[in-house]
């Protein structure tokens, strides 16, 4: 299915000192990308902006000491915004009845921290119980649908921030999208100029064919432009201004207000440390709402982190293996500490991790340095951070949301087959209409229903039925019966890895299966590459007895009813 990479890589010198110059440069450049995103993600999650900085600092320092994941960057992620904000608002409403909106937000924030500490402890237990295989249990299409729906929710919420308009209180994602046309009539022109300038830079800069655009992070360009516009519009001081209320009638002007509320609220940590930290409230943990969000924090956070760490491992130039149980333990310890001081939960963040690799990082020291740069900046230049307009942060999140819900992902899923597209769209629709747990549940239920429709037996749905047929000292043939689908993949994978011990080649015979789903096809593709990188070979045979459900090479396949040409003894 795949060929090992032949791209030459520079030799890797052992020791932090030998790699310092590479890791420090990469860490600094990732810090430039991470800082505005940490601020934006925290504020969109209902936390104070500095909470995002503390998360990245703890993730950078603590995780680099515990995890052996060499190139991942730990920090707050856009994929958790929906969960964290939901915890803040729902717990705040539940425990803040009769309070003002500001008081509810603070109560919800502290209660969400209690949920975060609890979830972090459970993640530690996951790591100790070697639950790093969790990422391999879920079907890929519902997971991609979940991420796309998170992207759409982020866009729905942050579009209002970009134009300086206030959304309808308590509106869900669908209502927010429906209200956008009317909100465009309420835009604050100066704020919208900053927001649209940020979007133009983020979407347009990658299209510019100049060398400097590859070296300078687009987020840094957005910050420079936004701070300059904020100074020009004097956002630091509350005032009103007149602006034409119609493009076609410049003589009639409307009055608009701007001021510090459109800038990042950043405490001076060194002079007022008490303002930079908040302690958790555990009263909500034992409630139905609290239990729901503990599950979401644990499952979705762990899943996203493991998937990101696995993706980065596959593009590590030196092909180093990550101990996913140890990495999950590191994230759990860091999340527990982060929530205990008022910070956001974290994951292994894939965009920043990829930027880390692209900028020449060699070891986990880059994650450490990125955290230290963030710590130094927030302690030294809090007033400069305060100058950042919120519209610029909103633009960055809209761009992040677009990348999660990229139209190319819809096209790619459609090419995998009409059923996978139905699962993908249904997951998105259910998530937007209800919540993440229901959405992912709908996607998995549809996946199972389609498997049964294509002849997958109930027994084969969850049990891996694999027979090993040795063929000499170097080769073993594994005959899979009934089905090879996402729900029994862990068993199939474990059998493959056991069979590879002491042998140079494993052949996986799928000719006796009734169904091989898309998740297994893609994971076999990845496993072939992993084998090739270690000098071994995994070959997949017997698929000629199956009919693909779409033209895509990784589409699901069901039995054609023909007997295999030859059956291993």
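Every number in this text was worked out from the coordinates using simple rules, so none of it is lab data. As the structure is a computational prediction, the values presented were derived from the model and not from experiment. FYI the Cβ positions are ideal-geometry reconstructions off the backbone, even for glycines, and counts take in every protein chain you see.
Points worth noting:
- Taking a quarter of the surface of the Cα convex hull of the stretch 223-330 gives a mean projected area of 14.8 nm².
- Entry note, the chain: the mean residue ellipticity at 222 nm calculated from DSSP H runs of n ≥ 4, each adding -39500 (n - 2.57), is -18500 deg cm²/dmol after division by the residues and rounding to the nearest 500.
- Distance from the stretch 529-547 to the stretch 157-221 (C-alpha centre basis), Å: 45 Å
- The convex hull of the Cα atoms of the stretch 465-569, projected and averaged over all directions, covers 6.2 nm².
- Calculated on alpha-carbon atoms, Rg and Dmax of the stretch 410-453 in Å: 10.3, 27
- For the stretch 104-238, the fraction of C-alpha pairs more than 25 angstrom apart is 55%.
- Ordering 252, 518, 386, 239 from the fewest to the most neighbouring beta carbons within 10 Å gives 252, 239, 386, 518.
- Among 301-312, 93-104, the peptide with the highest mean count of other Cβ atoms within 10 Å heads the list, and the full ranking is 301-312, 93-104.
- Computed on the stretch 383-503, with alpha-carbon pairs under 8 angstrom and 6+ residues apart, the relative contact order is 14 percent.
- Percentage relative contact order, the chain, counting C-alpha pairs under 8 Å, at least six apart: 25 percent
- Convex hull per residue volume in Å³, alpha carbons only, for the stretch 444-506: 72 Å³
- Debye intensity ratio in log₁₀ form over the Cα atoms of the stretch 1-135, taken at each q of 0.09, 0.11, 0.15 Å⁻¹: -0.40, -0.57, -0.91
- Across the chain, the convex hull enclosing all Cα atoms gives 170 Å³ per residue.
- Once the Cα atoms are used to define both axes, helix 324-341 deviates from the longest principal axis of the chain by about 20 degrees.
- Dmax and Rg, reported as Rg then Dmax, of the stretch 165-264 (C-alpha, Å): 16.3, 46
- With 10 Å bins beginning at zero, the pair-distance distribution over Cα atoms of the stretch 398-545 amounts to 11, 34, 30, 19, 6, 0 %.
- C-alpha center-to-center spacing [the stretch 448-521, the stretch 74-131] in angstrom: 39 Å
- Burial order of peptide ranges 48-58, 365-375 (average beta-carbon count within 10 Å, highest first): 48-58, 365-375
- Three-way shape call for the stretch 20-72 based on the alpha-carbon gyration tensor, with the a/c threshold at 1.5: oblate
- Relative contact order (percent, whole number), the stretch 1-119, Cα cutoff 8 Å, 6+ residue spacing: 18 percent
- Cβ crowding within 10 Å ranks 358, 509 as 358, 509, fewest other Cβ atoms first.
- Annotation: the residues 418, 67, sorted from fewest to most other C-beta atoms within 10 Å of their own C-beta, follow the order 418, 67.
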